[in-house]
Amino acid sequence: MNVLEATNVWKAFGDNTVLRGVDLTLTQHEVVVLIGASGSGKSTLLRTINLIERIDDGRLVLSGDDISDPRVDADAVRARIGVVFQQFNLFPHMKVIDNVTLAARKVHGQNAAQARAKGVALLERFGLGDKVDAYPDRLSGGQQQRVAIARAILTDPEPVAARRDHVGAGPHAGG
Ligand SMILES: Nc1ncnc2c1ncn2[C@@H]1O[C@H](COP(=O)(O)OP(=O)(O)OP(=O)(O)O)[C@@H](O)[C@H]1O
């Protein structure tokens, strides 16, 4: 019995086409790992299956039921699917750049213009130059994670090497 059959699934956000004709079949008791670059569309595919995002084209069949039919009861479908979400505790009402520089400005007293310049440079280094003025809910999980890392780095934390010396940890500690 196929638990899920995704056929030729397409999904775009504006001119960013994320899912381009995805086919996926899952059978009962099967464990499947979805691997791809950050921002390549893994979460988007999972969100379409859970009807958080509606697909633009294609078909999704859950245990024989066509859940891509717009008339389907989304809550009833979601009740049949378990989801673990990614969460990085960014402020949802603040742009990426403001999330990244907030602690540096408010807690560490860094000059606003200077903090912004450093923040933009760091975001560019992390491949997020085009997300500086986006809000967190427009980013992928990995992109949000990198914003959270940039926020931590911008406050100039104690170097990792020095911290390792303090706690006596080996070279592979942390994570
Ligand atoms: N609601 C949205 N509005 C606009 N763009 C979005 C939205 N959700 C995701 N995107 C964009 O779609 C692309 C795919 O995002 P998705 O979250 O599916 O990636 P992912 O493969 O799960 O990435 P990661 O490994 O980083 O979690 C990204 O470029 C992201 O910016």
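Below are the figures for this structure:
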read-out	value
The lone exception for Leu45 - which of (1) surrounded by 16 or more Cβ atoms within 10 Å (Cβ to Cβ); (2) modelled with pLDDT of 90 or more; (3) touching a helix residue (DSSP H, G or I) at 6+ places or on another chain (Cβ under 9 Å) it fails	(3)
When residues of the range 102-117 are limited to those that are at pLDDT below 95 and buried (at least 16 other Cβ atoms within 10 Å of the Cβ), the one farthest from Ser43 (Cα to Cα)	Gln110
Scope the range 115-137; condition touching a residue at least 24 places away in the same chain (Cβ under 8 Å) and assigned to a helix (DSSP H, G or I); matching residues	Ala115, Lys118, Gly119, Leu122, Leu123, Lys131, Pro136, Asp137
Extreme residue, farthest from the ligand (Cβ to nearest atom), among residues of the range 50-76 that are within 23 Å of Gly141 (Cα to Cα) and β-branched (Val, Ile, Thr)	Ile55
Residues satisfying the stated conditions in the range 13-49, i.e. in contact (Cβ under 8 Å) with a residue 24 or more places away in the chain, in a strand (DSSP E or B) and more than 9 Å from the ligand (Cβ to nearest atom)	Gly21, Val22, Leu26, Thr27
Verdict on Leu90 being in contact (Cβ under 8 Å) with a residue 12 or more places away in the chain, assigned to a loop (DSSP other than H, G, I, E, B), of a type outside the set (Asp, Glu) and not assigned by TED's automatic domain parsing to the domain that holds Ala134	yes
Set Ser140, Ser68: member being closer than 25 Å to Ala12 by Cβ, at pLDDT 85 or above, surrounded by 11 or more Cβ atoms within 10 Å (Cβ to Cβ) and assigned by TED's automatic domain parsing to the domain that holds Thr44	Ser68
Breaking point among (1) on the phi > 0 side of the Ramachandran plot; (2) surrounded by 14 or more Cβ atoms within 10 Å (Cβ to Cβ), for Leu19	(1)
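The values are calculated or read from the model by the stated rules, or taken from the named source; none is laboratory data. Since this is a predicted model, take the numbers as computed values, not measurements. Positions of Cβ are backbone-derived with ideal geometry, glycine not excepted, and every protein chain shown enters the neighbour counts.
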